[in-house]
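The values are calculated or read from the model by the stated rules, or taken from the named source; none is laboratory data. Computed from a prediction, not measured in an experiment: that's the story for all the values here. Heads up, the Cβs are rebuilt from the backbone with ideal geometry, glycines too, and the neighbour counts pull from every protein chain shown. These area figures cover heavy atoms from the full protein model, side chains too; ligands, DNA and RNA do not enter into them. Shrake-Rupley method; radii C 1.70, N 1.55, O 1.52, S 1.80 Å.
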Amino acid sequence: MAFVDELHINIKAGTGGNGVVRWLHEKGKEFMGPAGGNGGKGGSVFVRAVSDLNILASYRHKKEFKAEDGEHGQSKSMYGENGDDLIIDIPQGCLVTNIDTGRAYDVSELDTPVLILSGGKGGLGNEHFKASTNIRPMEHTDGKPGEEGEFTIELMLSASVGLVGLPNAGKSSLLNAITNADAKVGDYQFTTLEPNLGAFYKYIIADIPGLIEGAGEGKGLGHKFLRHVMRTQLIAHCISSENEDFFVVYKTIRSEMEIFDKTHKTLLQEPLSSKQEIIVITKTDFLLPEDLEKKMKKFTAALKKAKVTSPIVFISAYDDKLIKAFSKELLKFIKK
């Protein structure tokens, strides 16, 4: 089953049941008085966080969700039953947005239903309108419609480390090397189309889909990448040694984060561009030591000029010594 981390659906709360006109009947005594009951309330809609990251995939072919309507009132002053509430289970860490109102719900607490739409009130039966001046009321009211809206549900991963970089930067190979993940690896761009997760000691590392210039404005995998970085504690910028200019690559990533910060500042607890970061030079086995040294000299000079003090580490997915050294360094930064 394909991993799904975003849905666009229509959701409707239940409509309230109608109030009715009824009369009390007893043997030999017809129409003794009004006895029409009120309608039941329509069911409301809640979203609830669960620990299953793949649960959105079970909804991928379902575009409409609806809570149960309230029952109509009945005779003998009996109220209609309330409609059942609808609870939609979603992965922990989702952002649920009502497109019509712009209201967003950050659903992070497990097993705690969050109200997103209220059911309609039930209508009033004719007994409600009985008065000394209106002993045979014919009035009744219909139930009110439940709230309705178009919603997006977006999963934003909560991870200790987010591996970011241009397509084919070696992020998946790195994830596989330091965790028990089995992420797809290929010698072409956009091998990773969905985030991959790996367990690193007691921490989670996420391999985020590759970033291209313009991602901050939604190009390429765009927000699919940046959305998942919002909740990571530490960002690891992966720059392949194959790139001619490391600083240009670094600035491309940083620029897209800054654009995203400006356009999503109401949703961000902490700007992406201000998160703690570590720079990772990947695929170091692709270059001769002297060539790597030449590129690094240029890179460190550019970082110094830009007043960037983020630590730099080197990695090759095929060098056990580098893997161990990197793992030790990464663990140290996570614990900070």
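A few points about this structure:
- Among the candidates D89, D84, D100, the residue that is over 30 Å from H128 (Cβ atoms), in contact with a Gly (Cβ under 6 Å, 6 or more places away or on another chain) and charged (D, E, K, R) is uniquely D100.
- When the range 315-333 is filtered for residues that are modelled with pLDDT of 80 or more, more than 30 Å from the chain's Cα centre (by Cα) and of a type in the set (A, V, I, L, M), the ones remaining, listed by number, are I315, L322, I323, A325.
- Residue list for the range 50-74, filter: part of a loop (DSSP other than H, G, I, E, B), surrounded by fewer than 16 Cβ atoms within 10 Å (Cβ to Cβ) and among the small types (G, A, S): S51
- Pairing residues of the range 105-116 that are touching a residue at least 12 places away in the same chain (Cβ under 8 Å) with residues that are open to solvent by less than 50 Å² (accessible area, probe 1.4 Å) and of a type in the set (S, T, Y), at Cβ distances under 8 Å and at least 6 apart in sequence or on separate chains, gives Y105/T97; V114/Y105; L115/S44; I116/Y105.
- Residue check for S58: within 14 Å of the chain's Cα centre (by Cα) and of a type in the set (G, A, S): no
- The range 75-91 - residue that is acidic (D, E) and over 18 Å from the mean Cα position of the chain (by Cα) and, of those, most open to solvent (accessible area, probe 1.4 Å): E81
- Search result, residues across the range 114-135 that are at pLDDT below 95, out of contact with any strand residue (DSSP E or B) (no Cβ under 7 Å at 6 or more places or on another chain) and open to solvent by 80 Å² or more (accessible area, probe 1.4 Å): H128, S132, T133, I135
- The range 78-180 holds strands (runs of 3 or more DSSP E) entirely within its bounds, and those carrying 3 or more residues that are charged (D, E, K, R) map to 148-155.
- The range 161-171, residues that are open to solvent by 10 Å² or more (accessible area, probe 1.4 Å) and not basic (K, R): L166, P167, N168, G170
- Residues that are touching a Leu at 6+ places or on another chain (Cβ under 7 Å) and touching a residue at least 40 places away in the same chain (Cβ under 8 Å) number at least 1 in the following strands (runs of 3 or more DSSP E) confined to the range 233-336: 234-240, 276-282.
- Check on E270, of a type in the set (D, E) and either surrounded by 19 or more Cβ atoms within 10 Å (Cβ to Cβ) or modelled with pLDDT of 90 or more (or both): no
- Unmet requirement for E6, which otherwise passes all of (1) in contact with a strand residue (DSSP E or B) (Cβ under 7 Å, 6 or more places away or on another chain); (2) at pLDDT below 95; (3) open to solvent by less than 60 Å² (accessible area, probe 1.4 Å): (3)
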